[in-house]
Amino acid sequence: METSYGIAVMALMFILILIAFKWRRKIIQDTIKEFSEKPYSYTLVIHGQDENAIADKIIVNAGPSLSAFTKEDFNPESFTVTVRDGDKSENRKASKAYPCDIDGNATEGNATEGKQEEEQPVTHFALELESKAGSSIEHPFVKSGKENSKADSAETQCKNKENYEYSISHKKLPQPVTLCNDWWWQS
């Protein structure tokens, strides 16, 4: 009787260990899926600090639709960039548009560093945005209004990403790109 009880306990422990490993694997896969870059999304590139920081570049993951773009399609005037900050909305003018890698570095096509071995299609493009004097909508940070007891300045806070969003449109994109992957501070 004791032997069969021991075997049953060991079998139960073995099953629980298998379930734990499968559950752990699923959690890791779900986390990777949640935080990985998605097609038809953008990354906002920010330069500067505090309330003087400015969003002056957008890296767009256009997915496979970028393969339909020609050199002429990267004319900055062919892109419509709209930023919404709460109830306010404003268009931003692109000064440069070019295909790029995931980090926003310009590329010439499908070749990586002159190697033609394994061609991977370019799926990203970058838009460099012009800055308007006096426009607060291009700044992703604001003063919170809370006065700091040690200093005369107010604390700086990030704008709410759900109220502060960009929309990038082009005639060759299947839909406007509105999903924000991340904000990235470039040094």
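The values are calculated or read from the model by the stated rules, or taken from the named source; none is laboratory data. Everything numeric in this text was worked out from a predicted model, so none of it was measured. Cβ placement follows ideal geometry from the backbone for every residue including glycine, while neighbour counts extend to all protein chains displayed. These area figures cover heavy atoms from the full protein model, side chains too; ligands, DNA and RNA do not enter into them. Shrake-Rupley method; radii C 1.70, N 1.55, O 1.52, S 1.80 Å.
Things worth noting here:
- The length gained on full extension between D73 and S36, counted as 0.36 nm times the residue separation minus their Cα-Cα distance, comes to 10.6 nm.
- Database remark: amide H of S41 closer than 5 angstrom to the amide H of N61 (H placed geometrically; neighbours at sequence offset of 5 or more, or on other chains; Pro and chain starts carry no H).
- Largest to smallest accessible area among W23, W183 [probe 1.4 Å]: W23, W183
- Summed residue charge, Cβ within 14 Å of E72's Cβ, Lys/Arg positive, Asp/Glu negative: +1
- Sum of side-chain charges, S36 neighbourhood, beta-carbon under 13 Å (Lys, Arg +1; Asp, Glu -1): -2
- Projecting label points 7 angstrom from Cα along Cα→Cβ for Q29 and E2 puts them 4.3 nm apart.
- Residues C180 and K22, FRET efficiency given R0 of 41 Å [Cβ-Cβ distance, rounded to 0.05]: 0.80
- Close amide H contacts of R92 (hydrogens built in the peptide plane, cut-off under 5 Å, sequence separation of 5 or more or a different chain): V81, T82, V83.
- For Y164, the residues 5 or more places off, or on other chains, whose built amide H falls under 5 Å of its own are G86.
- Estimated distance in nm for a label pair at K171 and I15, the labels positioned 7 Å out from Cα along Cα-to-Cβ: 6.4
- Calculated FRET value between N163 and S135, using beta carbons and R₀ = 22 Å, to 0.05: 0.85
- Calculated FRET value between T82 and E108, using beta carbons and R₀ = 30 Å, to 0.05: 0.55
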